[in-house]
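Enquirer: Here you go, one structure.
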Amino acid sequence: MSSELQPDTESGTRWTPLVPLADLPTDGEGRTVELNGFRLAVFHLDGEVRVVDDECPHAGASLGAGICVSGEVTCPWHGWHFRLSDGENTDGLPERVAVYAARVSAEGIVEAVLG
Ligand code: FES
């Protein structure tokens, strides 16, 4: 990891760099990032970045391989839907995915608060 990719602890919040914003598609596709024991799904849509747990709570598919439309990702295996803003299943099921605070650094790196 280069020095520019070190977590920022100045504000007391530990922001962990995940991926350059330029590497993320803007058409609804996501990316899966594995880091520090986390497997995360990262999306860039409508000028916002969203970071959620990558593992679908149904049977473990990668949500980063899903497609996001109108703020909801569709699981690629069986079609469950999760709202990226709060992780809720929008099919009315109690399962949800963890959502992580995310931002883009001045250097254009997507960062998240993990753990
Ligand atoms: S694994 Fe995601 S809906 Fe089945």
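Laboratory data are not the source of any read-out in this text; all were calculated from the coordinates shown. Just so it is clear, the structure is predicted and the values come from calculations on it, not from any experiment. Neighbour counts are summed over all protein chains in view; Cβ atoms, including those assigned to glycine, are modelled from backbone coordinates with ideal geometry.
Enquirer: Under 16 Å from the 7 Å Cα→Cβ point of Ala98, by amide nitrogen: which residues of region 48-75?
Expert: Label zone hits: 51-58, 60, 63-64.
Enquirer: While we're here: If you stretched the chain out fully between Thr90 and Thr13, how much longer would it get, using 0.36 nm times the residue separation minus the C-alpha to C-alpha distance? Write down the numbers at each step before the final one.
Expert: Values: separation 77, 0.36 × 77 = 27.72 nm, distance 3.01 nm.
Taking Thr90 through Thr13 to full extension adds about 24.7 nm, to one decimal.
Enquirer: Further, regarding this structure: Mind checking the full-extension length gain between Glu34 and His78? Use 0.36 nm per residue of separation minus the Cα-Cα distance, one decimal, nm.
Expert: Answer, rounded to one decimal: 13.6 nm.
Enquirer: Let me ask something else. With the Cα gyration tensor of the chain in hand, convert its eigenvalues to equivalent ellipsoid semi-axes via √(5λ) and list them largest first in whole Å. Display every interim value, and only then the final one.
Expert: Values: eigenvalues 119, 41, 29 Å².
Computed over the chain, the values are 24, 14, 12 Å.
Enquirer: Let me ask something else about it. Give me the net charge of Thr32's neighbourhood, meaning all other residues with Cβ under 15 Å from the Cβ of Thr32; Lys, Arg count +1, Asp, Glu -1. Show your work: numbers first, answer last.
Expert: Values: positive: Arg31, Arg39, Arg50; negative: Asp23, Glu29, Glu34, Asp53, Asp54, Glu55.
So the surrounding residues net to -3.
Enquirer: For region 6-64, what log10 I(q)/I(0) values come out of the Debye formula at q = 0.13, 0.24, 0.30 1/Å, with one point per alpha carbon and no solvent?
Expert: Those come out to -0.38, -1.02, -1.22, one per q.
Enquirer: About the Cα centre of the chain, how large is the charge dipole given +1 on each Lys and Arg Cβ and -1 on each Asp and Glu Cβ? Please answer in debye to the nearest 20.
Expert: On the way: 7 positive and 19 negative charges, 33 e Å.
The dipole magnitude comes to about 160 debye.
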